[in-house]
There are 2 protein chains.
Amino acid sequence: MVTVATWNINSVRLRLDQVERFLAEQQPDVLCLQEIKVAEHLFPHAAFERMGYVHRAVHGQKGYHGVATVSKLPLTELSRHDWQDNGEARHVGVEVGGAGKGLLIENVYIPAGGDEPDREVNPKFGQKLDFLERMAHWADTVDRPSLIVGDFNVAPLEHDVWSHKALLKVVSHTPVEVEALERFRIAHGWVDLGREYVPADQKSFSWWSYRNKDWKASNRGRRLDHMWASPELAPQARGHRALTECRDWERPSDHIPLVTRFEL
Amino acid sequence: MVTVATWNINSVRLRLDQVERFLAEQQPDVLCLQEIKVAEHLFPHAAFERMGYVHRAVHGQKGYHGVATVSKLPLTELSRHDWQDNGEARHVGVEVGGAGKGLLIENVYIPAGGDEPDREVNPKFGQKLDFLERMAHWADTVDRPSLIVGDFNVAPLEHDVWSHKALLKVVSHTPVEVEALERFRIAHGWVDLGREYVPADQKSFSWWSYRNKDWKASNRGRRLDHMWASPELAPQARGHRALTECRDWERPSDHIPLVTRFEL
DNA sequence: GCATATCCGG
DNA sequence: CCGGATATGC
(Lines give C-alpha, C1' and ligand atoms only; values in the text may rest on other atoms or scores of the structure.)
Protein backbone atom coordinates (compact mmCIF):
# COMPACT_ATOMS: atom_id res chain seq x y z
CA MET A 1 0.00 0.00 0.00
CA VAL A 2 1.32 3.44 -0.92
CA THR A 3 -0.25 6.58 0.51
CA VAL A 4 0.06 9.86 -1.37
CA ALA A 5 -1.01 13.28 -0.10
CA THR A 6 -1.23 16.78 -1.56
CA TRP A 7 -1.45 20.09 0.30
CA ASN A 8 -1.20 23.74 -0.67
CA ILE A 9 0.63 24.79 2.48
CA ASN A 10 0.85 28.56 1.84
CA SER A 11 4.43 28.92 3.12
CA VAL A 12 6.10 25.73 4.26
CA ARG A 13 8.39 27.54 6.69
CA LEU A 14 5.56 29.30 8.48
CA ARG A 15 3.59 26.08 8.83
CA LEU A 16 6.33 23.57 9.50
CA ASP A 17 4.71 22.35 12.74
CA GLN A 18 1.46 21.74 10.90
CA VAL A 19 3.24 19.74 8.23
CA GLU A 20 4.97 17.77 10.97
CA ARG A 21 1.69 17.10 12.74
CA PHE A 22 0.06 16.04 9.48
CA LEU A 23 2.93 13.69 8.63
CA ALA A 24 2.98 12.22 12.14
CA GLU A 25 -0.76 11.61 12.12
CA GLN A 26 -1.26 10.45 8.53
CA GLN A 27 2.13 8.90 7.75
CA PRO A 28 1.78 9.24 3.98
CA ASP A 29 4.57 7.75 1.92
CA VAL A 30 4.62 10.78 -0.34
CA LEU A 31 3.53 14.37 0.26
CA CYS A 32 3.18 16.91 -2.54
CA LEU A 33 3.28 20.50 -1.33
CA GLN A 34 2.35 23.64 -3.25
CA GLU A 35 3.01 27.29 -2.49
CA ILE A 36 6.04 26.50 -0.42
CA LYS A 37 7.09 30.15 -0.93
CA VAL A 38 10.76 29.49 -0.46
CA ALA A 39 13.86 28.94 -2.57
CA GLU A 40 15.25 25.43 -2.60
CA HIS A 41 18.31 26.27 -0.47
CA LEU A 42 16.09 27.66 2.30
CA PHE A 43 13.63 24.76 2.25
CA PRO A 44 13.43 23.15 5.73
CA HIS A 45 15.20 19.98 4.63
CA ALA A 46 16.31 19.00 8.15
CA ALA A 47 12.77 18.81 9.52
CA PHE A 48 11.66 16.49 6.71
CA GLU A 49 14.80 14.44 7.14
CA ARG A 50 13.95 13.96 10.82
CA MET A 51 10.44 12.85 9.92
CA GLY A 52 11.80 10.19 7.59
CA TYR A 53 11.09 12.03 4.33
CA VAL A 54 14.66 11.64 3.16
CA HIS A 55 13.82 11.73 -0.55
CA ARG A 56 12.82 15.12 -1.88
CA ALA A 57 12.31 16.98 -5.11
CA VAL A 58 12.06 20.68 -4.31
CA HIS A 59 11.32 23.21 -7.01
CA GLY A 60 11.08 26.50 -5.20
CA GLN A 61 11.58 30.18 -5.72
CA LYS A 62 11.81 33.21 -3.47
CA GLY A 63 8.55 34.42 -1.99
CA TYR A 64 5.98 33.01 -4.38
CA HIS A 65 4.69 29.68 -5.68
CA GLY A 66 7.03 26.71 -5.46
CA VAL A 67 6.31 22.99 -5.16
CA ALA A 68 7.99 20.15 -3.31
CA THR A 69 7.46 16.40 -3.33
CA VAL A 70 8.84 14.66 -0.25
CA SER A 71 8.88 10.93 0.19
CA LYS A 72 9.84 8.08 2.49
CA LEU A 73 10.30 5.91 -0.60
CA PRO A 74 13.16 6.45 -3.03
CA LEU A 75 12.26 8.98 -5.65
CA THR A 76 13.75 10.21 -8.89
CA GLU A 77 13.05 13.72 -10.11
CA LEU A 78 12.12 13.51 -13.78
CA SER A 79 10.76 16.89 -14.88
CA ARG A 80 10.05 20.49 -14.05
CA HIS A 81 7.55 21.67 -16.62
CA ASP A 82 7.23 25.40 -17.11
CA TRP A 83 3.83 25.55 -18.77
CA GLN A 84 3.84 29.34 -18.60
CA ASP A 85 7.38 29.70 -19.94
CA ASN A 86 8.05 32.47 -17.45
CA GLY A 87 10.32 30.74 -14.95
CA GLU A 88 7.76 30.33 -12.17
CA ALA A 89 8.16 27.18 -10.07
CA ARG A 90 4.83 25.41 -10.51
CA HIS A 91 5.56 21.79 -11.28
CA VAL A 92 7.82 18.93 -10.35
CA GLY A 93 7.47 15.40 -11.67
CA VAL A 94 8.96 12.38 -9.93
CA GLU A 95 9.02 8.64 -10.17
CA VAL A 96 8.56 6.73 -6.94
CA GLY A 97 9.80 3.15 -6.91
CA GLY A 98 12.02 1.37 -9.45
CA ALA A 99 13.24 3.35 -12.46
CA GLY A 100 11.01 2.84 -15.48
CA LYS A 101 8.46 0.76 -13.56
CA GLY A 102 7.58 2.97 -10.61
CA LEU A 103 4.68 5.36 -10.13
CA LEU A 104 4.87 8.78 -11.77
CA ILE A 105 3.69 11.59 -9.54
CA GLU A 106 3.17 15.02 -11.07
CA ASN A 107 2.88 17.85 -8.54
CA VAL A 108 1.41 21.03 -10.00
CA TYR A 109 0.33 24.48 -8.87
CA ILE A 110 -1.85 25.93 -11.62
CA PRO A 111 -1.92 29.78 -11.65
CA ALA A 112 -4.80 31.40 -9.80
CA GLY A 113 -5.51 33.65 -12.77
CA GLY A 114 -6.23 37.05 -11.21
CA ASP A 115 -9.61 38.62 -10.60
CA GLU A 116 -11.14 39.46 -13.98
CA PRO A 117 -12.10 36.38 -16.06
CA ASP A 118 -11.15 38.13 -19.30
CA ARG A 119 -7.79 37.65 -20.95
CA GLU A 120 -8.08 41.00 -22.71
CA VAL A 121 -8.15 43.04 -19.52
CA ASN A 122 -6.37 40.54 -17.26
CA PRO A 123 -3.26 38.89 -18.68
CA LYS A 124 -3.05 36.52 -15.70
CA PHE A 125 -6.30 34.92 -16.76
CA GLY A 126 -4.90 34.38 -20.24
CA GLN A 127 -1.78 32.81 -18.77
CA LYS A 128 -3.90 30.43 -16.74
CA LEU A 129 -5.83 29.32 -19.83
CA ASP A 130 -2.60 28.92 -21.79
CA PHE A 131 -1.14 26.91 -18.91
CA LEU A 132 -4.13 24.56 -19.06
CA GLU A 133 -3.87 24.21 -22.84
CA ARG A 134 -0.20 23.32 -22.60
CA MET A 135 -0.99 20.81 -19.87
CA ALA A 136 -3.56 19.24 -22.20
CA HIS A 137 -0.96 19.06 -24.95
CA TRP A 138 1.48 17.41 -22.54
CA ALA A 139 -1.20 15.01 -21.24
CA ASP A 140 -1.56 13.67 -24.77
CA THR A 141 2.00 12.36 -24.49
CA VAL A 142 1.63 10.68 -21.09
CA ASP A 143 1.94 6.94 -21.73
CA ARG A 144 2.57 5.53 -18.26
CA PRO A 145 0.39 5.15 -15.17
CA SER A 146 0.56 8.53 -13.51
CA LEU A 147 -0.94 10.49 -10.71
CA ILE A 148 -1.26 14.24 -11.07
CA VAL A 149 -2.03 16.14 -7.90
CA GLY A 150 -1.97 19.68 -6.61
CA ASP A 151 -3.74 22.97 -6.47
CA PHE A 152 -5.47 23.21 -9.84
CA ASN A 153 -7.16 26.51 -8.95
CA VAL A 154 -10.24 25.31 -10.79
CA ALA A 155 -13.43 23.94 -9.21
CA PRO A 156 -14.90 22.10 -12.21
CA LEU A 157 -18.22 20.73 -11.00
CA GLU A 158 -21.36 22.48 -9.83
CA HIS A 159 -20.96 21.10 -6.32
CA ASP A 160 -17.28 21.96 -6.20
CA VAL A 161 -18.32 25.48 -5.14
CA TRP A 162 -20.68 26.73 -2.47
CA SER A 163 -22.85 28.43 -5.09
CA HIS A 164 -22.60 27.45 -8.73
CA LYS A 165 -24.72 30.42 -9.78
CA ALA A 166 -22.80 32.98 -7.72
CA LEU A 167 -19.43 31.77 -8.98
CA LEU A 168 -20.06 31.36 -12.70
CA LYS A 169 -18.23 34.62 -13.33
CA VAL A 170 -15.67 34.20 -10.57
CA VAL A 171 -12.21 33.01 -11.62
CA SER A 172 -11.85 29.31 -10.65
CA HIS A 173 -15.35 28.32 -11.75
CA THR A 174 -15.92 30.11 -15.07
CA PRO A 175 -17.01 27.89 -18.00
CA VAL A 176 -13.93 28.76 -20.04
CA GLU A 177 -11.62 27.48 -17.29
CA VAL A 178 -13.73 24.43 -16.60
CA GLU A 179 -13.69 23.57 -20.30
CA ALA A 180 -9.93 24.03 -20.54
CA LEU A 181 -9.45 21.77 -17.52
CA GLU A 182 -11.81 19.21 -19.01
CA ARG A 183 -9.77 19.17 -22.24
CA PHE A 184 -6.73 18.42 -20.11
CA ARG A 185 -8.59 15.65 -18.32
CA ILE A 186 -9.83 14.04 -21.54
CA ALA A 187 -6.39 14.26 -23.16
CA HIS A 188 -5.22 11.43 -20.92
CA GLY A 189 -8.47 10.16 -19.48
CA TRP A 190 -7.55 11.22 -15.95
CA VAL A 191 -9.91 10.01 -13.23
CA ASP A 192 -10.88 12.59 -10.60
CA LEU A 193 -10.33 10.53 -7.44
CA GLY A 194 -12.06 13.04 -5.21
CA ARG A 195 -15.30 12.50 -7.03
CA GLU A 196 -14.85 8.71 -6.96
CA TYR A 197 -15.26 8.98 -3.20
CA VAL A 198 -17.73 11.86 -2.88
CA PRO A 199 -20.65 11.74 -5.34
CA ALA A 200 -20.87 14.68 -7.76
CA ASP A 201 -24.23 15.77 -6.34
CA GLN A 202 -22.70 16.44 -2.90
CA LYS A 203 -20.77 19.56 -1.96
CA SER A 204 -17.05 18.92 -1.58
CA PHE A 205 -14.46 21.60 -0.89
CA SER A 206 -10.71 21.78 -0.31
CA TRP A 207 -10.30 25.54 0.16
CA TRP A 208 -12.00 28.23 2.22
CA SER A 209 -10.94 31.89 1.91
CA TYR A 210 -9.24 33.58 4.83
CA ARG A 211 -11.61 36.49 4.28
CA ASN A 212 -14.64 34.70 5.71
CA LYS A 213 -14.36 35.20 9.41
CA ASP A 214 -16.09 31.90 10.23
CA TRP A 215 -15.15 29.57 7.39
CA LYS A 216 -17.13 26.65 8.83
CA ALA A 217 -20.34 28.55 9.52
CA SER A 218 -20.47 30.32 6.15
CA ASN A 219 -18.93 27.28 4.37
CA ARG A 220 -18.21 29.25 1.21
CA GLY A 221 -15.63 26.78 0.02
CA ARG A 222 -14.34 25.55 -3.32
CA ARG A 223 -12.74 22.28 -4.44
CA LEU A 224 -9.54 23.64 -5.98
CA ASP A 225 -7.20 20.81 -4.99
CA HIS A 226 -7.27 17.54 -6.82
CA MET A 227 -5.76 14.12 -7.22
CA TRP A 228 -6.25 12.69 -10.68
CA ALA A 229 -5.10 9.20 -11.71
CA SER A 230 -4.42 7.57 -15.05
CA PRO A 231 -7.22 5.19 -16.09
CA GLU A 232 -5.04 2.15 -15.31
CA LEU A 233 -4.08 3.51 -11.90
CA ALA A 234 -7.47 4.74 -10.72
CA PRO A 235 -8.88 1.27 -9.89
CA GLN A 236 -5.99 0.73 -7.51
CA ALA A 237 -7.06 3.61 -5.27
CA ARG A 238 -8.36 2.19 -2.01
CA GLY A 239 -9.42 5.28 -0.11
CA HIS A 240 -9.45 9.03 -0.52
CA ARG A 241 -9.93 11.64 2.19
CA ALA A 242 -10.08 15.41 2.41
CA LEU A 243 -8.84 16.42 5.90
CA THR A 244 -11.24 19.26 6.65
CA GLU A 245 -10.18 19.34 10.31
CA CYS A 246 -6.82 20.84 9.34
CA ARG A 247 -8.60 24.06 8.34
CA ASP A 248 -9.31 24.49 12.08
CA TRP A 249 -5.72 24.20 13.25
CA GLU A 250 -3.92 27.28 14.61
CA ARG A 251 -2.98 29.73 11.81
CA PRO A 252 -3.99 27.26 9.11
CA SER A 253 -3.40 27.18 5.40
CA ASP A 254 -6.51 28.18 3.47
CA HIS A 255 -6.27 24.78 1.74
CA ILE A 256 -6.68 21.35 3.33
CA PRO A 257 -4.69 18.21 2.53
CA LEU A 258 -6.00 15.35 0.41
CA VAL A 259 -4.83 11.78 0.99
CA THR A 260 -5.24 8.70 -1.22
CA ARG A 261 -4.11 5.12 -0.59
CA PHE A 262 -3.16 2.89 -3.50
CA GLU A 263 -2.77 -0.87 -3.67
CA LEU A 264 0.07 -1.22 -6.14
CA MET B 1 3.99 55.72 48.54
CA VAL B 2 3.75 56.34 44.79
CA THR B 3 5.43 54.00 42.33
CA VAL B 4 6.37 55.30 38.88
CA ALA B 5 7.70 53.20 36.00
CA THR B 6 9.04 53.90 32.51
CA TRP B 7 9.40 51.50 29.59
CA ASN B 8 10.20 51.83 25.91
CA ILE B 9 7.81 49.12 24.81
CA ASN B 10 8.58 49.12 21.04
CA SER B 11 4.92 48.76 19.95
CA VAL B 12 2.36 48.67 22.74
CA ARG B 13 -0.11 46.64 20.69
CA LEU B 14 2.38 43.90 19.89
CA ARG B 15 3.45 43.62 23.52
CA LEU B 16 0.19 44.14 25.35
CA ASP B 17 0.49 40.85 27.29
CA GLN B 18 3.93 41.88 28.46
CA VAL B 19 2.63 45.22 29.63
CA GLU B 20 -0.19 43.41 31.42
CA ARG B 21 2.22 41.00 33.07
CA PHE B 22 4.46 43.87 34.13
CA LEU B 23 1.56 45.83 35.58
CA ALA B 24 0.18 42.78 37.39
CA GLU B 25 3.55 41.95 38.90
CA GLN B 26 4.82 45.44 39.75
CA GLN B 27 1.57 47.31 40.31
CA PRO B 28 3.07 50.75 39.64
CA ASP B 29 0.75 53.70 40.15
CA VAL B 30 1.99 55.33 36.97
CA LEU B 31 3.58 53.82 33.86
CA CYS B 32 5.24 55.95 31.19
CA LEU B 33 5.55 54.19 27.84
CA GLN B 34 7.63 55.23 24.85
CA GLU B 35 7.56 54.02 21.26
CA ILE B 36 3.95 52.96 21.50
CA LYS B 37 3.89 53.08 17.66
CA VAL B 38 0.17 53.70 17.43
CA ALA B 39 -2.22 56.58 16.94
CA GLU B 40 -4.24 57.58 19.98
CA HIS B 41 -7.55 56.21 18.65
CA LEU B 42 -5.99 52.76 18.17
CA PHE B 43 -4.29 52.70 21.59
CA PRO B 44 -5.45 49.61 23.56
CA HIS B 45 -7.43 51.67 26.06
CA ALA B 46 -9.69 48.80 27.13
CA ALA B 47 -6.83 46.61 28.33
CA PHE B 48 -5.45 49.41 30.52
CA GLU B 49 -8.94 50.18 31.76
CA ARG B 50 -9.32 46.53 32.85
CA MET B 51 -5.99 46.70 34.68
CA GLY B 52 -7.14 49.74 36.64
CA TYR B 53 -5.15 52.33 34.68
CA VAL B 54 -8.21 54.42 34.03
CA HIS B 55 -6.34 57.73 33.76
CA ARG B 56 -4.32 58.10 30.59
CA ALA B 57 -2.51 60.71 28.55
CA VAL B 58 -1.75 59.23 25.16
CA HIS B 59 0.24 61.16 22.59
CA GLY B 60 0.62 58.81 19.69
CA GLN B 61 1.07 58.77 15.97
CA LYS B 62 0.85 56.17 13.24
CA GLY B 63 3.73 53.71 13.05
CA TYR B 64 6.52 55.56 14.78
CA HIS B 65 7.40 57.05 18.16
CA GLY B 66 4.52 57.98 20.47
CA VAL B 67 4.35 58.17 24.26
CA ALA B 68 1.66 57.35 26.79
CA THR B 69 1.38 57.89 30.52
CA VAL B 70 -1.15 55.62 32.20
CA SER B 71 -2.11 55.89 35.84
CA LYS B 72 -4.25 54.46 38.59
CA LEU B 73 -4.22 57.88 40.23
CA PRO B 74 -6.08 60.84 38.73
CA LEU B 75 -3.95 62.62 36.20
CA THR B 76 -4.14 65.88 34.30
CA GLU B 77 -2.43 66.25 30.95
CA LEU B 78 -0.51 69.53 30.96
CA SER B 79 1.77 69.61 27.93
CA ARG B 80 2.92 68.03 24.72
CA HIS B 81 6.25 69.60 23.93
CA ASP B 82 7.47 69.31 20.36
CA TRP B 83 11.15 69.98 20.88
CA GLN B 84 11.88 69.16 17.27
CA ASP B 85 9.07 71.28 15.89
CA ASN B 86 8.27 68.60 13.32
CA GLY B 87 5.06 67.11 14.71
CA GLU B 88 6.56 63.89 16.04
CA ALA B 89 4.92 62.54 19.22
CA ARG B 90 7.80 62.43 21.68
CA HIS B 91 6.57 64.01 24.90
CA VAL B 92 3.62 64.19 27.20
CA GLY B 93 3.59 65.98 30.54
CA VAL B 94 1.07 65.25 33.28
CA GLU B 95 0.31 66.16 36.85
CA VAL B 96 -0.58 63.30 39.17
CA GLY B 97 -2.50 64.23 42.30
CA GLY B 98 -4.18 67.53 43.22
CA ALA B 99 -4.04 70.32 40.66
CA GLY B 100 -1.17 72.73 41.36
CA LYS B 101 0.20 70.63 44.21
CA GLY B 102 0.63 67.21 42.59
CA LEU B 103 3.67 65.58 41.07
CA LEU B 104 4.68 66.59 37.56
CA ILE B 105 5.72 63.66 35.39
CA GLU B 106 7.36 64.37 32.04
CA ASN B 107 7.47 61.40 29.67
CA VAL B 108 9.93 61.83 26.80
CA TYR B 109 11.33 59.88 23.88
CA ILE B 110 14.45 61.67 22.72
CA PRO B 111 15.33 61.01 19.04
CA ALA B 112 17.81 58.21 18.38
CA GLY B 113 19.81 60.44 16.07
CA GLY B 114 20.73 58.16 13.15
CA ASP B 115 24.03 56.45 12.54
CA GLU B 116 26.60 59.15 11.75
CA PRO B 117 27.48 61.42 14.71
CA ASP B 118 27.90 64.41 12.43
CA ARG B 119 25.15 66.96 11.88
CA GLU B 120 26.63 67.96 8.54
CA VAL B 121 26.17 64.53 6.95
CA ASN B 122 23.34 63.28 9.16
CA PRO B 123 20.50 65.73 9.83
CA LYS B 124 18.94 63.36 12.38
CA PHE B 125 21.96 63.83 14.60
CA GLY B 126 21.56 67.59 14.38
CA GLN B 127 17.89 67.27 15.29
CA LYS B 128 18.80 65.21 18.33
CA LEU B 129 21.27 67.84 19.52
CA ASP B 130 18.73 70.60 18.90
CA PHE B 131 16.11 68.60 20.79
CA LEU B 132 18.47 68.39 23.78
CA GLU B 133 19.25 72.10 23.62
CA ARG B 134 15.57 72.96 23.60
CA MET B 135 14.99 70.63 26.51
CA ALA B 136 17.74 72.46 28.40
CA HIS B 137 16.10 75.78 27.63
CA TRP B 138 12.77 74.40 28.88
CA ALA B 139 14.39 72.90 32.00
CA ASP B 140 15.48 76.39 32.99
CA THR B 141 11.81 77.28 33.40
CA VAL B 142 10.81 74.26 35.51
CA ASP B 143 9.96 75.62 38.95
CA ARG B 144 8.05 72.75 40.53
CA PRO B 145 9.10 69.30 41.78
CA SER B 146 9.16 67.18 38.67
CA LEU B 147 10.15 63.77 37.45
CA ILE B 148 11.33 63.37 33.89
CA VAL B 149 11.52 59.83 32.59
CA GLY B 150 11.83 57.99 29.35
CA ASP B 151 14.11 56.81 26.61
CA PHE B 152 16.75 59.54 26.43
CA ASN B 153 18.76 57.66 23.77
CA VAL B 154 21.92 58.84 25.48
CA ALA B 155 24.15 56.77 27.76
CA PRO B 156 26.01 59.56 29.55
CA LEU B 157 28.48 57.80 31.83
CA GLU B 158 31.43 55.58 31.07
CA HIS B 159 29.76 52.59 32.68
CA ASP B 160 26.46 53.27 30.96
CA VAL B 161 27.85 51.39 27.95
CA TRP B 162 29.54 48.01 27.63
CA SER B 163 32.68 49.65 26.25
CA HIS B 164 33.31 53.33 26.72
CA LYS B 165 36.20 53.27 24.27
CA ALA B 166 34.34 51.34 21.56
CA LEU B 167 31.31 53.62 21.75
CA LEU B 168 32.90 57.06 21.88
CA LYS B 169 32.06 57.56 18.20
CA VAL B 170 28.77 55.67 18.30
CA VAL B 171 25.60 57.76 18.47
CA SER B 172 24.20 57.58 22.06
CA HIS B 173 27.59 57.90 23.74
CA THR B 174 29.46 60.62 21.79
CA PRO B 175 30.89 63.48 23.87
CA VAL B 176 28.76 66.07 22.05
CA GLU B 177 25.53 64.27 23.01
CA VAL B 178 26.69 63.61 26.55
CA GLU B 179 27.56 67.31 26.94
CA ALA B 180 24.20 68.41 25.56
CA LEU B 181 22.40 66.05 27.94
CA GLU B 182 24.52 67.33 30.83
CA ARG B 183 23.55 70.93 30.00
CA PHE B 184 19.93 69.81 30.20
CA ARG B 185 20.58 68.12 33.54
CA ILE B 186 22.34 71.14 35.00
CA ALA B 187 19.64 73.53 33.80
CA HIS B 188 17.29 72.21 36.47
CA GLY B 189 19.66 70.24 38.66
CA TRP B 190 18.00 66.92 37.81
CA VAL B 191 19.14 63.95 39.86
CA ASP B 192 19.83 60.75 37.92
CA LEU B 193 17.97 58.27 40.11
CA GLY B 194 19.46 55.25 38.36
CA ARG B 195 22.92 56.26 39.49
CA GLU B 196 21.69 56.97 43.03
CA TYR B 197 21.02 53.25 43.30
CA VAL B 198 23.83 51.79 41.17
CA PRO B 199 27.25 53.40 41.73
CA ALA B 200 28.77 55.12 38.70
CA ASP B 201 31.69 52.71 38.61
CA GLN B 202 29.42 49.73 37.97
CA LYS B 203 27.99 48.76 34.60
CA SER B 204 24.28 49.48 34.35
CA PHE B 205 22.22 49.00 31.20
CA SER B 206 18.58 49.39 30.17
CA TRP B 207 18.83 48.37 26.51
CA TRP B 208 20.38 45.52 24.56
CA SER B 209 20.23 45.46 20.76
CA TYR B 210 18.15 42.85 19.00
CA ARG B 211 21.13 42.30 16.73
CA ASN B 212 23.14 40.43 19.35
CA LYS B 213 21.85 36.90 19.23
CA ASP B 214 22.58 36.22 22.90
CA TRP B 215 22.08 39.57 24.63
CA LYS B 216 22.92 38.19 28.08
CA ALA B 217 26.10 36.37 27.08
CA SER B 218 27.57 39.23 25.06
CA ASN B 219 26.04 41.85 27.41
CA ARG B 220 26.68 44.69 25.00
CA GLY B 221 24.11 46.92 26.60
CA ARG B 222 23.63 50.64 27.09
CA ARG B 223 21.78 52.70 29.72
CA LEU B 224 19.52 54.74 27.45
CA ASP B 225 16.46 54.89 29.72
CA HIS B 226 16.38 57.21 32.67
CA MET B 227 14.38 58.59 35.57
CA TRP B 228 15.56 62.01 36.66
CA ALA B 229 14.07 63.89 39.62
CA SER B 230 14.05 67.53 40.65
CA PRO B 231 16.48 68.22 43.51
CA GLU B 232 13.58 68.60 46.00
CA LEU B 233 11.98 65.33 44.84
CA ALA B 234 15.06 63.14 44.62
CA PRO B 235 15.41 62.61 48.40
CA GLN B 236 11.91 61.19 48.46
CA ALA B 237 12.87 58.26 46.21
CA ARG B 238 12.81 55.10 48.25
CA GLY B 239 13.90 52.48 45.76
CA HIS B 240 14.83 52.17 42.11
CA ARG B 241 15.03 49.02 40.02
CA ALA B 242 15.86 48.08 36.47
CA LEU B 243 13.92 44.93 35.58
CA THR B 244 16.52 43.09 33.53
CA GLU B 245 14.49 39.88 33.60
CA CYS B 246 11.94 41.39 31.20
CA ARG B 247 14.56 41.28 28.43
CA ASP B 248 14.21 37.48 28.61
CA TRP B 249 10.46 37.35 28.14
CA GLU B 250 9.02 36.01 24.89
CA ARG B 251 9.47 38.47 22.00
CA PRO B 252 10.69 41.21 24.32
CA SER B 253 11.20 44.89 23.83
CA ASP B 254 14.87 45.73 23.41
CA HIS B 255 14.46 48.06 26.44
CA ILE B 256 13.67 47.04 30.01
CA PRO B 257 11.38 48.87 32.45
CA LEU B 258 12.65 51.06 35.28
CA VAL B 259 10.64 51.45 38.50
CA THR B 260 11.03 53.99 41.32
CA ARG B 261 9.06 54.32 44.54
CA PHE B 262 8.54 57.73 46.13
CA GLU B 263 7.47 58.65 49.64
CA LEU B 264 5.47 61.80 49.00
C1' DG C 1 -7.13 37.72 5.71
C1' DC C 2 -2.82 36.22 5.28
C1' DA C 3 1.90 35.92 3.52
C1' DT C 4 5.35 37.30 0.86
C1' DA C 5 8.61 41.79 -0.99
C1' DT C 6 11.07 46.08 -0.17
C1' DC C 7 12.05 50.13 2.50
C1' DC C 8 12.89 52.74 6.65
C1' DG C 9 14.08 53.31 11.49
C1' DG C 10 16.26 51.69 15.74
C1' DC D 1 17.23 41.50 14.59
C1' DC D 2 12.83 43.39 14.89
C1' DG D 3 9.23 46.81 14.45
C1' DG D 4 6.45 49.67 11.45
C1' DA D 5 4.96 51.25 6.21
C1' DT D 6 3.38 50.20 1.47
C1' DA D 7 2.54 47.11 -2.50
C1' DT D 8 1.12 42.82 -4.60
C1' DG D 9 -0.79 38.21 -5.04
C1' DC D 10 -4.25 34.88 -3.89
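If R0 is 41 Å, what FRET efficiency do you get for A:Lys165 and B:Tyr210 from their C-beta distance, rounded to 0.05? If you can, show how the numbers build up before the last one.
Numbers: r = 53 Å, r/R0 = 1.28.
After rounding to 0.05, the efficiency reads 0.20.
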What distance in nm lies between label points placed 7 Å from Cα along the C-beta direction at B:Thr76 and B:Glu250?
4.3 nm
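Between A:Met1 and B:Arg144, what FRET efficiency follows from the Cβ-Cβ distance if R0 is 56 Å, with the result rounded to 0.05?
Numbers: r = 83 Å, r/R0 = 1.48.
After rounding, the FRET efficiency stands at 0.10.
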Please compute, for the alpha-carbon atoms of region A:31-160, the extent along each of the three principal axes and give them in descending order in Å.
47, 34, 32
Gap separating the Cα centres of region B:159-194 and region A:133-211, nearest whole Å:
68 Å
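Kindly flag which residue pairs out of A:Lys62/B:Lys169; A:Lys128/A:Lys213; A:Lys37/A:Lys128; A:Lys62/A:Lys169; A:Lys72/A:Lys216 have an alpha-carbon separation exceeding 27 Å in this structure. Working shown, then result.
On the way: A:Lys62/B:Lys169 38 Å; A:Lys128/A:Lys213 29 Å; A:Lys37/A:Lys128 19 Å; A:Lys62/A:Lys169 32 Å; A:Lys72/A:Lys216 33 Å.
Violating the 27 Å limit, Cα to Cα: A:Lys62/B:Lys169; A:Lys128/A:Lys213; A:Lys62/A:Lys169; A:Lys72/A:Lys216.
Over chain B, give the accessible area per residue in Å² for a 1.4 Å probe, as an integer.
On the way: 11680 Å² over 264 residues.
Accessible area per residue: 44 Å².
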I want to check the label-to-label distance for B:Asn122 and A:Leu14. Put each point 7 Å from Cα in the C-beta direction and report it in nm to one decimal.
3.5 nm
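Compute for region A:2-262: radius of gyration divided by Kirkwood radius, i.e. Rg/Rh, restricted to C-alpha atoms, rounded to two decimals. Intermediate results must be reported in sequence, preceding the final value.
Working: Rg = 17.0 Å, Rh = 18.3 Å.
Expressed as Rg/Rh, it is 0.93.
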Size of region B:155-264 as Cα extents on the principal axes (Å, biggest first)
42, 32, 22
So what are the ³J(HN,Hα) numbers for region A:207-221, from phi and the Karplus equation (6.51, -1.76, 1.60; θ = phi - 60°), rounded to whole Hz, Gly and Pro as x?
8, 9, 4, 5, 6, 7, 5, 10, 4, 6, 5, 6, 6, 8, x
Counting only helical runs of four or more DSSP H residues, what would the 222 nm mean residue ellipticity of the protein assembly as shown come to if each run contributes -39,500 (n - 2.57) and the total is spread over all its residues?
-6500 deg cm²/dmol
3J(HN,Hα) from dihedral phi, region B:76-92, Karplus parametrisation 6.51/-1.76/1.60, rounded to Hz, x for glycine, proline
10, 6, 10, 7, 9, 6, 10, 6, 9, 6, 10, x, 6, 8, 10, 7, 8
Within a Cβ distance under 12 Å of B:His226, other residues only, what is the Lys/Arg minus Asp/Glu net charge?
-2
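Give me the tail of P(r) for the protein assembly as shown as a percent: Cα-Cα pairs with distance above 33 Å. Walk me through the numbers on the way to the answer.
Values: 76407 of 139128 pairs.
Here the long-distance tail beyond 33 Å is 55 percent of all Cα pairs in the protein assembly as shown.
Pop the C-beta distance of B:His45 and A:Arg134 into the FRET formula with R0 = 60 Å and round what comes out to the nearest 0.05.
Working: r = 56 Å, r/R0 = 0.94.
Between B:His45 and A:Arg134 the formula returns 0.60.
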Distance in Å, no decimals, from the C-alpha centre of region B:226-264 to the one of region A:233-264 is 55 Å
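The values are calculated or read from the model by the stated rules, or taken from the named source; none is laboratory data. Just so it is clear, the model here is predicted, and its values are computed rather than measured. Please note: Cβ atoms are built from the backbone with ideal geometry, for glycine as well, and neighbour counts cover all protein chains shown. Keep in mind that these areas ignore ligands, DNA and RNA; they rest on the heavy atoms of the full protein, side chains included. Shrake-Rupley method; radii C 1.70, N 1.55, O 1.52, S 1.80 Å.
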